[in-house]
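Visitor: I'd like to ask some things about the structure below.
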Amino acid sequence: MSDSASAAALVSGYNKLKAALGRRIVGQEAVIEQVFIAIAAGGHSLLEGVPGLAKTLLVKSLADAMHLTFRRIQFTPDLMPADITGTEIIQEDADTGRRKLVFQQGPIFSQIILADEINRTPPKTQAALLEAMQEKHVTVGQITHELPKPFFVLATMNPIEQEGTYPLPEAQKDRFLFLIKVDYPTLADEREIIARTTGGEIQEIEAVITAEELHAAQQLARKVPVPDHVVDFVLELVRSTRPNEPGASEYVKSMLSWGAGPRASQMLVLAGKVRALLQGRTHVTTDDIEALAFPALRHRLVPTFHAEAEGITVDQIIAEIIKTTKKSDARVL
């Protein structure tokens with residue numbers, strides 16, 4: 001299949017996915033787009049929103065719309081690493097009577113993992129996900145076990161109820177391509193939600209995207225060219241978030257303790273490539289980068305005490321940085 005045909009197949013698959021999810025999910029178009037971009041780019045997503053906004057239902061519906069294996073892990077304070085990765089058990093051979101250690105796979109051995117309320121489990125258990133998310137394998141004892149491909153972690157987090165929670169370490173948050181904010185529905189959407197959920201049966205969703213199509217999308221995205229002026233814009237934007245960078249603005253120094261690292265630049269470019277394809281373009285523009293800057297940066301920036309005391313959110317800081325970031329002139333590829 002040619003690259004143009006693959007691009008058309010990607011857009012068609014995305015449109016089918018939206019239509020399938022629309023049978024169960026009302027609104028949330030921006031959330032669905034960002035989750036799909038992250039998956040097509042091969043990255044993980046963290047969904048943050050208050051209870052009752054269908055975060056879990058969205059992930060479950062997304063898994064139903066794909067020919068991928070799915071497991072949900074409910075994170076609780078007593079969850080242990082072995083409950084996620086699996087453990088070795090003693091098993092007796094029926095023929096010889098000899099005992100041996102056999103690895104029993106945990107729920108992490110699925111293609112889509114829903115890490116529900118990921119911040120409700122202690123750091124030791126949160127760390128069990130780090131190797132899986134970054135290296136796509138799990139080490140138990142002296143043996144490394146490969147995870148199925150493709151592999152995605154879609155985690156949910158409640159931002160308002162902090163009692164009994166454990167904040168995610170910065171190293172783990174950086175493993176997520178996006179931090180996606182799930183907001184309250186509009187009046188019309190909430191009316192439709194009431195009509196759907198208090199009436200007939202929940203709509204079934206048919207799988208419309210295969211693992212092979214996702215793999216092809218990931219391969220295609222990496223071929224999308226990025227003009228020099230867009231790379232310059234990404235570098236200027238990300239480096240502008242670092243208060244210790246030479247030439248950092250007084251605004252950034254007063255509002256941010258730490259800025260985004262190089263992984264943010266990588267993720268922005270890769271996600272921008274997928275968005276460009278979904279928009280029907282064969283190259284990335286600065287508009288793609290601006291559109292994805294919020295979900296790609298908001299979990300990688302650490303605001304100062306001054307910013308928090310003034311009630312200034314990370315999104316407001318990102319918006320100000322975008323507004324002051326210089327854009328170079330477009331050049332012919």
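Visitor: Out of the helices (runs of 4 or more DSSP H) lying entirely within region 190-258, which hold 1 or more residues that are more than 23 Å from the chain's Cα centre (by Cα)?
Guide: On the way: elements: 211-221, 228-239, 250-255.
Passing ranges, in order: 228-239, 250-255.
Visitor: Note down all Cβ pairs under 6 Å where the first residue falls in region 212-226 and is open to solvent by less than 100 Å² (accessible area, probe 1.4 Å), the second is of a type in the set (Val, Ile, Thr), and they're at least six residues apart or on different chains.
Guide: Short answer, once both residue conditions are applied: Ala221/Val274; Val226/Val269; Val226/Val284.
Visitor: Here is a further query. Go over the candidates Asp64, Asp83 one by one and state the one that is touching an Asp or Glu at 6+ places or on another chain (Cβ under 9 Å) and open to solvent by 10 Å² or more (accessible area, probe 1.4 Å).
Guide: On the way: Asp83 fails: touching an Asp or Glu at 6+ places or on another chain (Cβ under 9 Å).
The unique qualifying residue is Asp64.
Visitor: While we're here: Give the residues of region 263-284 that are part of a loop (DSSP other than H, G, I, E, B) and open to solvent by less than 30 Å² (accessible area, probe 1.4 Å), sorted by residue number. Working first, answer last.
Guide: Going through region 263-284, the residues part of a loop (DSSP other than H, G, I, E, B) turn out to be 279-284.
Of everything in region 263-284, just one residue is part of a loop (DSSP other than H, G, I, E, B) and open to solvent by less than 30 Å² (accessible area, probe 1.4 Å), namely Val284.
Visitor: Restricting to strands (runs of 3 or more DSSP E) lying wholly in region 1-111: which have 3 or more residues that are touching a residue at least 60 places away in the same chain (Cβ under 8 Å) and within 25 Å of Leu268 (Cβ to Cβ)? It would help to see each step written out before you state the result.
Guide: Numbers: elements: 44-48, 70-74, 86-92, 99-105.
Strands (runs of 3 or more DSSP E) meeting the threshold: 44-48.
The values are calculated or read from the model by the stated rules, or taken from the named source; none is laboratory data. Fair warning: this is a prediction, and the values are worked out from it, not measured in the lab. As a convention, Cβ positions derive from the backbone with ideal geometry for all residues, glycine included, and neighbour counts pool all protein chains shown. The protein model used for the area step is the full one, side chains on, heavy atoms only, and it has no ligands, DNA or RNA in it. Shrake-Rupley method; radii C 1.70, N 1.55, O 1.52, S 1.80 Å.
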